[in-house]
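**Student:** Next up is a structure, given as structure tokens.
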Amino acid sequence: MDHAVELIDHHCHQVVNRDLGHDAFANMISESFADAAPGTSHWDKPVGLSIRRWCAPVLDLPKFASPADYVDRRLELGAAEVNRRFLRRSGIARYIVDSGNRPGELCSVDELAALAGAPSHEVIRMESVAEQVVRDGTDAAGYAAAFEAALEGSLTANVVGLKTVIAYRSTLAIDTSPPSAAEIEAAAGAFLRRYDATGKARVVEAALERHILWRGAELARARGMPVQFHIGLGDPDVTLHACDPSHLTQFFRDVESWNVPMTLLHCYPFVREAGMLAENFRHVYFDVGFIQNWSGPSYVRMMEDALETAPFTKQLFSTDAFGLSELYYLGALRFRDSLSRVLGDWIARDECPMDEAARIVGLIGGANARRIYPGLG
Ligand SMILES: [Zn+2]
């Protein structure tokens with residue numbers, strides 16, 4: 001696949017733009033919150049091997065450099081130089097960034113754009129807005145209006161979408177009908193009591209998540225922007241079997257006539273479910289971001305699964321890179337290479353003409369995202 005295809009990374013985060021020591025780097029390639037099991041290393045998994053194979057040469061090291069040599073070289077070059085190298089060599093033309101995950105540890109969206117030398121847009125994580133409303137001070141009766149005003153206020157000029165992490169919180173296995181005012185008030189009361197007791201603002205109440213879901217969809221409809229959904233894999237806060245996107249089927253039926261694009265992020269291991277939802281509902285899209293990085297040498301199979309049934313017009317490119325600039329570079333490399341290999345195989349078997357394959361690459365690489373996200377220039 002040639003570098004001329006415009007790659008729009010429709011779901012990623014920002015980078016850590018300060019030096020990372022050996023333990024800090026190893027912990028960034030783990031979804032676990034803990035150090036590796038005694039006597040083992042977080043490097044010992046497919047993504048660790050991939051970083052040593054593909055990223056070490058970008059830092060002028062031999063391929064398969066040891067983890068210790070890799071982190072030493074990273075420290076020698078300094079974070080800014082490392083980040084510039086990986087971001088600029090990724091070939092990603094545009095970044096759409098969920099800026100709401102651990103923002104204190106990462107650079108800003110504008111800093112990412114400067115390091116990458118590419119425009120970067122923002123997606124608002126709606127749970128973060130709800131949590132800020134509680135930190136800023138509200139009561140249960142005033143919560144709904146305060147959240148709605150704050151959500152609207154968050155849509156600055158560079159914002160191109162909304163995101164929900166409902167999968168992490170109430171899970172997707174809930175009744176997704178619109179909540180009543182009384183349900184919202186009661187749930188806000190529970191949220192506020194928990195905040196007072198623990199000092200931690202973390203929204204988990206199903207009624208508040210339903211409120212986020214419906215108000216988010218309404219606002220996205222008014223502004224002509226997509227809503228993103230975290231789906232499937234994640235850190236230990238995810239209860240995986242309750243993050244199957246088919247739990248959202250009734251919600252998708254309820255809002256289909258609104259024509260709000262709903263993008264299902266990463267989806268693994270529910271790639272087939274996501275692909276069929278994208279087939280069944282005209283407003284549903286999906287990607288296999290993150291897992292192509294995480295699966296290392298098995299990345300081609302992830303793309304085969306994604307291309308198994310879903311319309312070519314419904315798949316999007318994403319890296320879901322978080323913190324490490326290696327993951328943008330590697331994600332783009334895996335995406336390009338897997339698409340070339342799968343479509344190359346279709347061409348060889350006379351299942352797909354060459355020009356059609358080029359069109360499919362263009363759609364998934366960037367044209368589908370350009371069609372559904374506003375203001376991409
Ligand atoms: Zn993600």
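The values are calculated or read from the model by the stated rules, or taken from the named source; none is laboratory data. For clarity, every value in this text was computed on a predicted model and none was experimentally measured. Don't worry about glycine lacking a Cβ; one is built from the backbone with ideal geometry, like all the others, and counts go over all protein chains shown. The accessibility values were calculated without ligands, DNA or RNA, using every heavy atom of the protein model including side chains. Shrake-Rupley method; radii C 1.70, N 1.55, O 1.52, S 1.80 Å.
**Student:** Round to the nearest 10 and give me the degree value, 0 to 90, for the angle of helix 206-223's Cα axis relative to the longest principal axis of the chain.
**Tutor:** Long axis of 206-223 versus the principal axis of the chain: about 70 degrees.
**Student:** Just from its helices, what would the mean residue ellipticity at 222 nm be for the chain, if runs of 4 or more DSSP H residues each count -39500 (n - 2.57) and the sum is divided by every residue, rounded to the nearest 500 deg cm²/dmol? Present the calculation step by step, with values, prior to reporting the outcome.
**Tutor:** Working: 16 runs with 166 residues, N = 377.
It comes out at -13000 deg cm²/dmol, rounded to the nearest 500.
**Student:** To the nearest 10 degrees, how steeply does helix 143-153 sit against the main Cα axis of the chain, on a 0 to 90 scale?
**Tutor:** The two axes meet at around 40 degrees.
**Student:** Top mean-square fluctuation among G331, G199, G289, Gaussian network model of the chain, C-alpha springs under 10 Å?
**Tutor:** Comparing G331, G199, G289 in the GNM, the peak value goes to G199.
**Student:** Sorted by accessible area (1.4 Å probe), largest first, how do M354, M262, M28 line up? Mind showing how you got there, number by number?
**Tutor:** Values: M354 140, M262 0, M28 35 Å².
Heavy-atom accessible area, descending, gives M354, M28, M262.
**Student:** If you don't mind, another one. Calculate how steeply helix 126-136 sits against the longest principal axis of the alpha-carbon atoms of the chain, using the helix alpha-carbon long axis, and give the answer as 0 to 90 degrees to the nearest 10.
**Tutor:** 50
**Student:** Further question on the same structure: Quick one: putting +1 on the C-beta of Lys and Arg, -1 on the C-beta of Asp and Glu, what dipole do you get for the chain around its Cα centre, in Debye to the nearest 20? Don't skip to the answer; put the middle values down first.
**Tutor:** Values: 37 positive and 50 negative charges, 105 e Å.
For this selection, approximately 500 debye.
**Student:** Still on this structure, please answer the following. Can you tell me the Rg and the Dmax, both Å, for the Cα atoms in the chain?
**Tutor:** Over the chain's Cα set, Rg and Dmax evaluate to 20.6, 64 Å.
**Student:** If you don't mind, another one. Counting alpha carbon pairs within less than 8 Å and at least 6 residues apart, what relative contact order, in whole percent, applies to the chain? Let's see the in-between values first.
**Tutor:** Working: 680 pairs, mean separation 77.7, N = 377.
Dividing the mean separation by the residue count of the chain yields 21 percent.
**Student:** Compare A116, A321, A141 in a GNM of the chain, Cα atoms joined below 10 Å, and give the one with the largest fluctuation.
**Tutor:** A141
**Student:** If the elastic network links every pair of Cα atoms under 10 Å, which of L162, L213, L59 fluctuates the most in the Gaussian network model of the chain?
**Tutor:** Maximum among the listed residues: L59.
**Student:** Another question about this same structure. What percent does the relative contact order of the range 72-119 come to when contacts are Cα pairs within less than 8 Å and at least six residues apart? Walk me through the numbers before you get to the answer.
**Tutor:** Values: 23 pairs, mean separation 23.5, N = 48.
In percent, rounded to a whole number, it is 49.
**Student:** Now for a different question. Return the lysines within reach of K314: Cα separation strictly under 26 angstrom, same-chain partners fewer than 8 residues apart disregarded; answer none if there are no such residues.
**Tutor:** List returned: K163.
**Student:** Q228's amide H: which non-local residues (gap 5+, or another chain) put their own amide H closer than 5 Å, with H modeled 1.01 Å from N in plane and none for Pro or chain starts?
**Tutor:** Amide H to amide H, under 5 Å and 5 or more residues apart or across chains, Q228 pairs with L162, K163, T164, T263.
**Student:** If you don't mind, there's one more thing I want to ask. Straight-line reach from K63: which lysines have a Cα under 27 Å away, not including same-chain ones fewer than 8 places off?
**Tutor:** K45
**Student:** Moving on. Leaving out ligands and nucleic acids, note down the accessible area per residue over the chain with a 1.4 angstrom probe, in whole Å². Please list the in-between numbers first.
**Tutor:** On the way: 14960 Å² over 377 residues.
Per-residue value: 40 Å².
**Student:** A further question on this structure: Once you list every other residue whose beta carbon is under 15 Å from the beta carbon of A197, what net charge do they have if Lys and Arg are +1 and Asp and Glu are -1? All intermediate terms of the calculation are to be shown ahead of the outcome.
**Tutor:** On the way: positive: R135, R193, R194, K200, R202; negative: D196, E205.
With Lys, Arg at +1 and Asp, Glu at -1, the net is +3.
**Student:** From the backbone phi of the range 56-67, what are the Karplus-calculated ³J(HN,Hα) couplings (6.51 cos²θ - 1.76 cosθ + 1.60, θ = phi - 60°) in whole Hz, Gly and Pro given as x?
**Tutor:** 3, x, 5, 9, 6, 9, x, 4, 6, 3, 5, x
**Student:** Of all accessible surface on the range 1-155 at a 1.4 Å probe, what whole percent is carbon and sulfur? Write out the running numbers ahead of the final one.
**Tutor:** Values: 3320 of 6600 Å².
Carbon and sulfur atoms account for 50 percent of the accessible area of the range 1-155.
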